[in-house]
Every structure is written in structure tokens, then in C-alpha cells.
1. Efficiency by 1/(1 + (r/R0)^6): what FRET value for A:HIS85 and A:LYS41, r their Cβ-Cβ distance, R0 = 30 Å, to the nearest 0.05?
2. From largest accessible area down, sort A:ILE93, A:ILE12; use a 1.4 Å probe on the protein chains.
3. Around A:CYS94, with a cut-off of 14 angstrom between Cβ atoms, what is the net charge of the other residues, counting Lys and Arg +1 and Asp and Glu -1?
4. What Cys residues in chain A have no fellow cysteine's beta-carbon under 4.7 angstrom?
5. What's the carbon and sulfur percent of the protein assembly as shown's accessible surface, probe 1.4 angstrom, rounded to a whole number?
6. State the three equivalent ellipsoid semi-axes of the protein assembly as shown, derived from the C-alpha gyration tensor as the square roots of 5 times its eigenvalues, in descending order and whole Å.
7. In Å², what does the accessible area per residue of chain A work out to with a 1.4 Å probe?
8. What FRET efficiency, computed as 1/(1 + (r/R0)^6) with R0 = 41 Å and r the Cβ-Cβ distance, is obtained for A:ILE12 and B:THR60, rounded to the nearest 0.05?
Amino acid sequence: GAVVSQHPSRVICKSGTSVKIECRSLDFQATTMFWYRQFPKQSLMLMATSNEGSKATYEQGVEKDKFLINHASLTLSTLTVTSAHPEDSSFYICSASFQHGAFFGPGTRLTVL
Amino acid sequence: AQRVTQPEKLLSVFKGAPVELKCNYSYSGSPELFWYVQYSRQRLQLLLRHISRESIKGFTADLNKGETSFHLKKPFAQEEDSAMYYCALSDSSNTGKLIFGQGTTLQVKP
């Protein structure tokens, strides 16, 4: 199946700094990608839909100014966590859609000290 | 509102026993339902989808619109089936947007 990569796989940062996470579709073009957040032993919570060439669509309760999403090309979407705080520590997962399903990246573990 | 409910957080069975992971959904239109699996230290991957009516790794799932359910079944569990299973719903807009259930950990004991 198609491959979706994420970089970095894990990142530790200080409170107040910004962190950028990349999501790439390696062998197909993805006009739409999705960003999820997963807390330990809990489900994936959809944060936003990343649309190539246009603004992202955020789910209710997700701050768009805090979680900046850019989808500048058909193979790359980035999520920037701005002014990160310890409560932003989580596992962030991206996915790229295809007909009748999605491929998921391996996830990025963010720890904010 | 769209919602997926997996009532069991943990399901523990012995090898060779039948398995049924429950999933109920709430959706006003015609949803597409999926089961995703996450093995230890691996990424989430698609197990099966209702539209293809396939059997993957011995698992099957039938969409029951009357009961709004999409339970995952396997007649004889194997130890390698131990994983986290997520039921997911995609809306009719066909964007690939998925709403996930809470997940059920399946533990198959030897």
C-alpha cells in the first residue's frame, strides 16, 4: 500500500517554543491530508483537514492559531504547534486519504517540557 | 451528530476462541465503515471496510443498518491478533475524513 511518512518521529521542546511536524505522501499525491491527536490509550481525535492550496478546516475546539497547518504541495502537509505548552504533549498522527479509506503516518511524539 | 462507539476497552480471550469486537455508529446519511488495527509499535493500518465485504486475516464485519452496528468477528483468535482495533466512520462526502471509536484492545492469551 501507499506510504505516508512523518518527521520527526519524536521531539522534545521547551515550553513557549514552536514545533513543526511534516507529513509526506511518498508515492502518491494527496490533495487532502488529516491531522489527528492521540492521547495514551485513547482514540484518535481529528484535529483538522489539510487541503492542498487552500486553508485547513479545523474541528470544533481546535485552535487554528495554535495549530498551524500548511499544505503547500500534493505530497507535503505540515503542522506547527506554536508556543507549545506541556498540555500539548501528545502523539500527532497524519493521514492521507484515498478512495474509501486512508493511509496513516507512523506518528510524532511531542513532549513539551 | 456522527459518532462511533466501541463499548469495550479491553477484550481478553484464549487462543482458538471466537472473537467479536463491537462497534455501533450514529450517522444520519449512508456511512462507510472501516476497521483499523494498530499492532504494538506499528502505525495504524486498514483491516477491512464494509463496502468490499472481504475477509482479512480471518476477520469479517457486516454492516447492520437496522442496529447501526459494524461488529468485527473472527471464529478462532490467534495470538498474533493481539492489537488495538479501531472502528471508524467516513461520511458521505468521500473526503477521507474519519471519525474513530474509542478503540478496543484485543488480548489473545496462549
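The values are calculated or read from the model by the stated rules, or taken from the named source; none is laboratory data. No experiment lies behind these values; they were computed from the predicted model shown. Cβ atoms come from the backbone with ideal geometry, glycine included; neighbour counts cover every protein chain shown. Just so you know, the surface numbers come from the protein's heavy atoms only, side chains and all, with ligands and any DNA or RNA stripped out. Shrake-Rupley method; radii C 1.70, N 1.55, O 1.52, S 1.80 Å.
1. Computed FRET efficiency for A:HIS85 and A:LYS41 comes out at 0.85.
2. The residues order as A:ILE12, A:ILE93, largest area first.
3. On the way: positive: A:LYS20, A:ARG24, A:ARG37, A:ARG109, B:ARG43, B:LYS97; negative: A:GLU22, A:GLU52.
Net charge around A:CYS94: +4.
4. Result for chain A is A:CYS13, no neighbouring Cys Cβ within the cutoff.
5. Heavy-atom surface of the protein assembly as shown belonging to carbon and sulfur, 1.4 Å probe: 50 percent.
6. Values: eigenvalues 182, 79, 49 Å².
Taking √(5λ) for each Cα gyration eigenvalue gives 30, 20, 16 Å.
7. Value returned for chain A: 49 Å² of accessible area per residue.
8. Approximately 0.45, to the nearest 0.05.
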